[in-house]
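Engineer: So that we are looking at the same thing, I have put the structure below in structure tokens.
Throughout, read-outs are computed from the coordinates displayed, never taken from laboratory work. Because the structure is a prediction, the values reported are computed rather than measured. No Cβ is skipped: glycine too gets one built from the backbone with ideal geometry, and neighbour counts run over all protein chains shown.
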Amino acid sequence: MTELLEIIKVLVIFFPRNFHVFQAIIEAMLTMNGSKTMLNISRWTKGKACYRTIER
């Protein structure tokens with residue numbers, strides 16, 4: 001999984017302002033089990049991305 005996160009860090013040029021939120025969402029989706037709903041993703045990001053942010 002660390003290899004995937006290193007590849008994702010290359011995408012910082014496309015998301016310069018909100019990359020930390022994007023990275024938190026991707027990490028949550030890779031680590032969580034069960035259904036991938038917006039509410040579950042916001043719970044797994046541990047406060048880095050709220051439900052509204054994921055909805056946008």
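Engineer: To the nearest 500 deg cm²/dmol, what mean residue ellipticity at 222 nm is calculated for the chain from DSSP H runs of n ≥ 4 alone, each contributing -39,500 (n - 2.57), summed and divided by the residues?
Structural biologist: -15500 deg cm²/dmol
Engineer: What's the local net charge at residue 38, with K and R +1, D and E -1, over the other residues with C-beta under 15 Å away?
Structural biologist: Here the charged neighbours net out to +4.
Engineer: Additional query: Tell me, what is the FRET efficiency for residue 5 and residue 55 to the nearest 0.05, using R0 = 35 angstrom and their Cβ-Cβ distance as r?
Structural biologist: Efficiency at R0 = 35 Å is approximately 0.90.
Engineer: Hey, what's the per residue convex hull volume over the C-alpha atoms of region 2-55, in cubic angstrom?
Structural biologist: Spread over its residues, the Cα hull of region 2-55 gives 75 Å³ apiece.
Engineer: Going by alpha carbons, how many degrees (0 to 90, nearest 10) lie between the helix axis of 19-31 and the longest principal axis of the chain?
Structural biologist: 60
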